[in-house]
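A short reminder: the numbers here are calculations on the coordinates, not readings from a lab. In this text the structure is predicted, and so the values were computed from the model without any measurement. Don't worry about glycine lacking a Cβ; one is built from the backbone with ideal geometry, like all the others, and counts go over all protein chains shown.
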Amino acid sequence: LPDILSTKLLLNKKILITVGATYEAIDPVRGITNISSGQMGVALARACRRAGAQVFLIYGKLQTPLPLGMTHTEEAVSALAMYEAVFRLINQVDAFISVAAVADYRVANSAAHKLKKDGSGKPPIIELTENPDILQSVAQLPNAPFCVGFAAESENVLNYARAKRAKKGVPLLVANDVSLSMGKSTNQVILLDDFAETTLPEMDKDRVADAIVARMSHLRFQAA
Ligand code: CTP
Ligand code: CA
């Protein structure tokens with residue numbers, strides 16, 4: 001077996017990674033977000049760096065420190081801001097890893113000023129509108145970089161992940177059960193690609209990230 005820790009599997013490759021949770025404002029002090037900590041994405045950024053890659057990192061809300069040694073780091077808190085940042089950089093990179101927990105919907109009627117109770121006792125109506133799917137938009141570009149997606153599921157993990165990989169046209173999809181991963185330093189994932197469905201044991205997120213890097217490298221950057 002090749003020694004994945006000493007071989008620079010992604011030497012000089014440019015890798016764009018989105019990490020963390022997006023945040024969609026309701027008003028200037030309130031919003032909709034999710035419980036993704038950003039740990040898996042940051043672990044992947046560090047693993048790509050160890051593998052010799054230049055990493056371009058776009059981050060939303062993080063509950064973990066930013067990694068060092070990035071070629072480019074940029075905050076993009078809402079899904080639309082993240083979409084815009086990704087598309088500004090996408091033509092420069094060899095691969096895109098979409099780890100961010102992107103809000104599926106944003107607030108259609110977000111308020112410029114802090115919402116006030118109007119005294120009627122009736123709660124305000126928050127209207128939602130669908131966000132663009134960043135990963136799917138990138139994967140379906142004519143000259144798409146190699147795309148890696150994640151599938152966060154709480155049930156039927158394998159079936160939902162297979163359907164997601166097919167729908168988005170992503171060559172490598174990392175599926176996990178959110179109850180086994182969110183907020184934890186370990187993860188237990190299944191790697192789905194054109195050749196295999198590989199169930200990895202529960203490992204530290206750094207080791208899961210190394211395994212994803214090795215699979216990416218094998219699928220995209222190594223001779224058959
Ligand atoms: N994703 C994205 N843009 C979105 C939503 C999701 O780029 N607007 C990406 C995520 O970064 C992840 C993958 O798509 O890599 C799957 O996200 P997930 O939430 O699991 O799936 P969805 O396609 O949003 O479907 P659903 O939430 O209905 O399961
Ligand atoms: Ca989603």
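State to the nearest 20 debye the size of the charge dipole of the chain about its Cα centre, where the only charges are +1 on K and R beta carbons and -1 on D and E beta carbons. Intermediate values should be presented prior to the final figure.
Values: 24 positive and 22 negative charges, 73 e Å.
Dipole about the Cα centre, nearest 20: 360 debye.
About its Cα centre, how strong a charge dipole does region 91-224 have in debye, to the nearest 20, once Lys and Arg get +1 and Asp and Glu get -1 at the Cβ?
460 debye
Counting pairs of Cα atoms in region 124-209, how many percent are more than 19 Å apart?
46 percent
Run the numbers on the chain and let me know its relative contact order in percent, using alpha-carbon pairs under 8 Å that are six or more apart.
With pairs under 8 Å counted, the relative contact order is 20 percent.
On average over all directions, what projected area in square nanometres does region 1-151 have, based on the convex hull of its Cα atoms?
The Cα convex hull of region 1-151, projected and averaged over all directions, gives 10.8 nm².
Within 10 Å, count the other beta carbons around each residue, average over each peptide in 54-65, 34-45, and list them highest first. Kindly include the intermediate steps, with their values, before the conclusion.
Numbers: 54-65: 20.5, 34-45: 23.8.
Result, highest mean first: 34-45, 54-65.
Counting other beta carbons within 10 Å of each Cβ, put S137, S181 in order, fewest first.
Least crowded to most crowded, the residues run S137, S181.
Average projected area of the Cα convex hull of region 72-126, in nm²?
5.7 nm²
Would you work out which of I15, P132, P145 lies farthest towards the positive end of the dipole of the chain, given +1 charges on the beta-carbon of Lys and Arg and -1 on that of Asp and Glu, about the Cα centre?
My answer, from the dipole projection, is I15.
Could you tell me the convex hull volume per residue, in Å³, taken over the Cα atoms of region 27-95?
100 Å³
Counting pairs of Cα atoms in region 165-214, how many percent are more than 16 Å apart?
39 percent
Counting each DSSP H run of 4 or more residues in the chain as -39500 (n - 2.57), what helix-only mean residue ellipticity at 222 nm follows after dividing by all residues, to the nearest 500 deg cm²/dmol?
After summing the helix terms and dividing by the residues of the chain, the value is -7000 deg cm²/dmol.
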